[in-house]
Amino acid sequence: MKSAYELAMEKLEDSAPAVKLTDEQRAELAAVDEKFQAKIAEKEVFLTDLIAKATASGNFEELAELETQKQREISKLEAQREEAKEKVRQSQG
């Protein structure tokens, strides 16, 4: 007897079969991850430094703006990374 998880996975496989990636696509995906991880780290370091300076100076209004900016920019980069990865997945190799 199959578990509910196994049945669900079979249904998922029937409705949307797993995509088989080539070695080239896997390498491209890894390169995309590496590129965007570096961009995200760079943005985090830069904005975290600005946040620390705003905190030290007691500028709480700017602090809130910087926190929001940091979240927004990291989310934007993560979305761009997913778009780039999806393009690689959709390519025929």
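What follows is calculated from the coordinates using simple rules that are stated; it is not laboratory data. Keep in mind that what you see is a predicted model, and the values were worked out from it rather than measured. Methodologically, a virtual Cβ is constructed for each residue, glycine included, from the backbone with ideal geometry; neighbour enumeration extends over all protein chains shown.
Using only the alpha-carbon atoms, how far is helix 60-90 inclined from the longest principal axis of the chain? Give it as 0 to 90 degrees, nearest 10.
Relative to the chain, helix 60-90 is tipped by roughly 20 degrees.
Does anyone have the angle between helix 23-57 and the longest principal axis of the chain? Alpha-carbon axes, 0 to 90°, nearest 10?
It works out to around 20 degrees.
Which trypsin sites (Lys or Arg not before Pro) from the stretch 1-92 combine a DSSP loop assignment with at most 15 other Cβ atoms within 10 Å? Show your work: numbers first, answer last.
Values: sites: Lys2, Lys11, Lys20, Arg26, Lys35, Lys39, Lys43, Lys53, Lys70, Arg72, Lys76, Arg81, Lys85, Lys87, Arg89; in loops: Lys2, Lys20.
In loop regions of the stretch 1-92 (DSSP not H, G, I, E or B), the sparsely surrounded trypsin sites (Lys or Arg not before Pro) are Lys2, Lys20.
Which value in deg cm²/dmol, rounded to the nearest 500, describes the helix-derived mean residue ellipticity at 222 nm for the chain, given -39,500 (n - 2.57) per DSSP H run of n ≥ 4 and division by the residue count? Can you show the working numbers first?
On the way: 3 runs with 78 residues, N = 93.
Helices in the chain give a 222 nm mean residue ellipticity of -30000 deg cm²/dmol.
Explain nothing, just the number: dipole magnitude of the chain about its Cα centre with +1 on each Lys and Arg Cβ and -1 on each Asp and Glu Cβ, in debye rounded to the nearest 20.
140
Please tell me the relative contact order of the stretch 22-90 in percent, rounded to the nearest whole number, where contacts are Cα pairs under 8 Å and at least six residues apart.
With pairs under 8 Å counted, the relative contact order is 49 percent.
Between the helical axis of 4-15 and the dominant principal axis of the chain, each derived from Cα atoms, what acute angle in degrees is found, rounded to the nearest 10?
Taking the Cα atoms of the chain, the angle to 4-15 is about 80 degrees.
What translational diffusion coefficient, to the nearest whole µm²/s, does the chain have by Stokes-Einstein, given a Kirkwood radius computed over alpha-carbon pairs, a temperature of 37 °C and 0.692 mPa s viscosity?
Numbers: Rh = 16.5 Å.
Reported coefficient: 199 µm²/s.
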